[in-house]
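Structure first, commentary second.
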Amino acid sequence: MKQLFIFSILFSLITACSNRPTINIDVKPEINFQIFNSYQYPQDVDTSFDANPIMINRIQTAIDSNLVTKGFAKHEFIDQNSADLTIKVSFTKQEKQHDSSFSIGLGTSKMGSNSSSSIGVSIPMNNKANIITTIVIDISDEKQAIWHGSDSYEAKADLSMEQTNQAVSATVKGLLANFPPHKTQE
């Protein structure tokens, strides 16, 4: 009985700490995606201060490897209609601080006619932040949005380039797992 009790506590702790799904997909339901066989990326260049063309290229490379295996052909951007689909990608990064700290708290006591008091101190143990990266993929057909997907991954701020490539590839693969969507029968 004691083992069952310990198992149930461990199970509840594991499920309480598990990540909930972060994939969000929105599709225009009346679109028949089976008619599309080519895609392109627009030539728009983000010139904002925090733009990272290397990360955009990393995301596009992951998309390419996923879509090519599904029979899509990549076209270079000539004009808006040079391919069936236009894919825009973006990403955001948000810092998530760890709230780990070691606390020392002392209280008050009274013995006879003597009383004493003390102060509590909280010492941060590890203030390295994790970074939550959200990848957004928007797909349009002749400037009409037909598919939107976003997903996030969380990693340490000091991730290597190889680890970043793997995290981006896994995130994009999850996003495009059911792309192209099959038209539902009505």
- prompt: Which order results if Val136, Val172 are arranged by neighbouring Cβ count within 10 Å, fewest first?
  reply: Val136, Val172
task: Order the peptides 71-77, 37-43, 154-160 from the highest to the lowest mean number of other Cβ atoms within 10 Å of their residues.
output: 37-43, 71-77, 154-160
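Read-outs throughout are calculated quantities, based only on the coordinates presented, and are distinct from any laboratory measurement. As the structure is a computational prediction, the values presented were derived from the model and not from experiment. When we count neighbours, we look across all protein chains shown, and the Cβ atoms used for this are built from the backbone with ideal geometry, even at glycine.
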